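Here's the structure, in C-alpha cells; my notes come after.
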Amino acid sequence: MSEKYKIRDQAQRYFITFAVVGWIDVFTRQQYFDLLIESLKHCQREKGLVISAWCIMSNHVHLIVGRNREFKLEAIIRDFKKFTSVQLCRAIEENKEESRREWMLAYFQQAALVSKKHVKYMFWQNEYHPIELGTSTMVEQRLRYIHNNPVKAGIVEKAEAYTYSSAKDYYLGEQGLLQIEFIG
C-alpha cells in the first residue's frame with residue numbers, strides 16, 4: 001500500500017472502497033448481498049467496526065468506517081475481505097443456478113495465480129485506499145458520493161430507494177439493513 005493510503009489515526013473515520021477483481025458484477029443475486037451484509041454485521045458485533053455510511057454495488061463496496069474497540073481498522077478490513085472472499089467463492093461454486101459460475105471462478109483462479117497472497121481464488125482487488133475524513137466538507141462529499149452511486153448507475157431514481165445502502169437511514173430516518181452511527 002502506498003504511503004498516501006494508510007490508516008494513520010485509528011480514532012478517525014475513513015472512506016474506503018474495494019472492488020471485485022476485474023470489476024466482475026458478482027452482486028446481482030440476493031445470496032451474495034446477504035453474505036456481505038451478515039459479514040459486516042459480524043464485524044460490527046465482534047470486532048468493533050463502526051459503519052457510518054455504506055453502499056454495495058454490483059462489483060464494489062463503499063464504506064465510511066471507524067472502530068470502537070482494540071482491533072485496528074486495517075485488520076478488520078483485512079479479515080472481512082479474506083472471509084468474504086472465501087465465502088463468496090464457495091457460494092458461487094455451490095450455486096447450481098449460477099449461470100456465470102464457471103467463467104467467474106476461472107477468472108478468480110487466474111487472478112490468484114499472479115498473487116502471492118492467494119492460493120485458490122482471488123475475489124477482491126488488493127487495494128482499498130483508505131481516505132481519512134478530517135473535515136465536514138470531506139464527510140459530506142463522500143456521503144453524497146456513496147449514496148448517489150446507484151442513482152448515477154441508473155439503478156434507482158432516488159438514493160433512498162436503493163436497499164443496499166445507508167441512504168434510507170440518512171434521508172428518510174428509517175433503519176436500513178445495517179446499524180449505522182451517523183457522522184456529526
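FYI, it's all coordinate maths here, none of it is from the lab. Everything quoted here is computed from the prediction, not taken from an experiment. Cβ coordinates were reconstructed from backbone atoms using ideal geometry, including for glycine residues, and neighbour counts include every protein chain displayed.
Within 19 Å of Met122 (Cα to Cα), in a helix (DSSP H, G or I) and under 14 Å from the mean Cα position of the chain (by Cα) - does that describe any residue in the stretch 3-20?
For the stretch 3-20, residues within 19 Å of Met122 (Cα to Cα), in a helix (DSSP H, G or I) and under 14 Å from the mean Cα position of the chain (by Cα): absent.
Filter the stretch 156-172 for residues that are without any contact (Cβ under 8 Å) to a residue 40 or more places away in the chain and not in a loop (DSSP other than H, G, I, E, B); which is surrounded by the most Cβ atoms within 10 Å (Cβ to Cβ)?
Among those that are without any contact (Cβ under 8 Å) to a residue 40 or more places away in the chain and not in a loop (DSSP other than H, G, I, E, B), it is Ala159.
Would you check which residues across the stretch 100-155 are assigned to a loop (DSSP other than H, G, I, E, B) and closer than 20 Å to Met57 by Cα and list them?
Listed by number, the residues that qualify are Arg100, Met122, Phe123, Gln125, Asn126, Glu127, Tyr128, His129, Pro130, Ala153, Gly154, Ile155.
Looking at the stretch 45-56, which of the residues that are surrounded by fewer than 22 Cβ atoms within 10 Å (Cβ to Cβ) and touching a residue at least 60 places away in the same chain (Cβ under 8 Å) is nearest to Ile16 (Cα to Cα)?
From the stretch 45-56, those surrounded by fewer than 22 Cβ atoms within 10 Å (Cβ to Cβ) are 45-48, 50-51; that's our starting set.
Then keep just the ones that are touching a residue at least 60 places away in the same chain (Cβ under 8 Å); that gives 50-51.
Working: Val50: 13, Ile51: 11 Å.
Among those that are surrounded by fewer than 22 Cβ atoms within 10 Å (Cβ to Cβ) and touching a residue at least 60 places away in the same chain (Cβ under 8 Å), it is Ile51.
If you scan the stretch 33-80, which residues turn out to be closer than 29 Å to Ala161 by Cβ and touching a Cys at 6+ places or on another chain (Cβ under 6 Å)?
Listed by number, the residues that qualify are Leu49, His62, Phe80.
Report, ordered by the first and then the second residue, all pairs with beta carbons closer than 6 Å, sequence separation of six or more or different chains, a first member in the stretch 70-99 that is in contact (Cβ under 8 Å) with a residue 12 or more places away in the chain, and a second member that is among the acidic types (Asp, Glu) and surrounded by 13 or more Cβ atoms within 10 Å (Cβ to Cβ).
Note: pairs meeting the criteria are Ile92/Glu98.
Collect the residues in the stretch 59-69 that are over 22 Å from Met138 (Cβ atoms) and touching a residue at least 40 places away in the same chain (Cβ under 8 Å), keeping them in residue-number order. Show your work before the answer.
To start, the set of residues in the stretch 59-69 that are over 22 Å from Met138 (Cβ atoms) comprises 59, 69.
Passing the criteria: only Asn59.
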